[in-house]
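The values are calculated or read from the model by the stated rules, or taken from the named source; none is laboratory data. Because the structure is predicted, anything quoted here is derived from the model rather than measured. Every residue, glycine among them, receives a Cβ derived from its backbone with ideal geometry; neighbour counts consider all protein chains shown. Heads up: the accessible areas ignore ligands, DNA and RNA and are worked out on the full protein's heavy atoms, side chains in. Shrake-Rupley method; radii C 1.70, N 1.55, O 1.52, S 1.80 Å.
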Amino acid sequence: MALTEDFLAEDIHPIDIVEHLAEHHDWDFDRIGDDQIAMAVEGQWRTYSITLAWSAMDETLRMICTFEMEPPEDKLNELFETLNMINEQCWSGAFSFWAEQKLMSFRYGLLLGGEQVASPEQIDRMITSAVVLSERFYPAFQLVSYGGKSPRDALQVAIAEAYGRA
């Protein structure tokens, strides 16, 4: 059964859909308000904090996926170079490092102008993509920050695709 089949009403709030998805996937979540929800999604490398917020004013569902990161001060230039290289490969969303909060973030906004309604599949794909991209590039961030690798060498680890299972 498609996720959409659970939502037959025309005017469903996007955060209600997110809450339903969180329950469906058994993710820990907290409905912060009518227009915002926060959840924790377990990955292979980290637990990712994901917040989605609906802005009716500009009809945008905003998502921020964060994880803690404390790179050494002398590695920030390499980290920012790595971020630029990674963002060149991300067609939807972008990574940024919030130094003051010591957080790596991935941000994406789903524009729903003209009173469009996001499908559960769209929102699920948005959340899944954030986790998949964070998981994919996490080793590169670590190798640049702590492993002494150049951004280009670290990124090769993230780009290489593994086949099969160990």
- Query: Here are several values of volume of the Cα convex hull per residue in Å³: [x] 179; [y] 139; [z] 109. Which one was derived from the coordinates shown?
  - Reply: [y]
- Solvent-accessible area, 1.4 Å probe, carbon plus sulfur percent, for the chain: 48
- Query: Using DSSP loop states and a limit of at most 12 other Cβ atoms within 10 Å to flag GluC sites (Glu not before Pro), what is the longest stretch of the chain containing no flagged site?
  - Reply: 11-87
- Query: Going by a ≥ b ≥ c, the root eigenvalues of the Cα gyration tensor, does the stretch 13-71 fall in the rounded group (a/c under 1.5), the prolate group (a/b larger than b/c) or the oblate group?
  - Reply: oblate
- As a check on your grasp of the helix formula, calculate [θ] at 222 nm for the chain: sum -39500 (n - 2.57) over DSSP H runs of n ≥ 4, divide by the residue count, round to the nearest 500. -12000 deg cm²/dmol
- Return one whole number: the accessible area per residue of the stretch 91-154 in Å², for a 1.4 Å probe. 52
- Counting sequence-distant residues (5 or more places) and residues on other chains, those with an amide H built under 5 Å from that of Met69 are Leu103, Met104
- Message: Please give the charge dipole size of the stretch 1-122, origin at the Cα centre, charges +1 on K and R Cβ atoms and -1 on D and E Cβ atoms. Round to the nearest 20 debye.
- Response: 400
